[in-house]
């Protein structure tokens, strides 16, 4: 009645991110599954990109055996989650969410010896921003770009 149901996926995703912070990735993944189910029910797509990015980040912290993860979650690699997040953010023209997803992918690629692929993608989205360079996301992106050089 109040429209709160439309915001529910966003709040669940924020809670999932908090679980990452306190090293509870499985709980975070469960919350993201709930968030996706709520988004599917309402048709809300506002936070889809961030939910995919968070899925990738949380997946990085899950160590085998992954007994509590669903078959679907086991099939999706962090890299695939980050790429899907980038695709959605670009389609929605959500540059801040695209920046976050590209940073996550860049860190993943850096760990896997793909700095040469990561740097141009991150540099391109970073260059799009003409203001707000004092925000945490853009400061983090700048530092990551320097690491990738």
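A few remarks follow.
- By the count of neighbouring beta-carbon atoms within 10 Å, fewest first, 61, 112, 52 end up ordered 112, 61, 52.
- Considering only 116, 48, 34, the Gaussian network model of the chain with Cα springs below 10 Å gives its largest mean-square fluctuation to 116.
- Dividing the mean sequence gap of close Cα pairs (under 8 Å, 6+ apart) by how many residues the chain holds gives a relative contact order of 17 percent.
- When the helices of the chain are scored as -39500 (n - 2.57) per DSSP H run of n ≥ 4 and the total is divided over every residue, the value at 222 nm lands at -24500 deg cm²/dmol.
- Calculated P(r) of region 76-149 - Cα pairs past 21 Å, %: 19 percent
Since every read-out is calculated from the coordinates, none of them should be taken as a lab result. Everything quoted here is computed from the prediction, not taken from an experiment. All Cβ positions, even for glycine, are placed from backbone atoms using ideal geometry, and neighbour counts span all protein chains on display.
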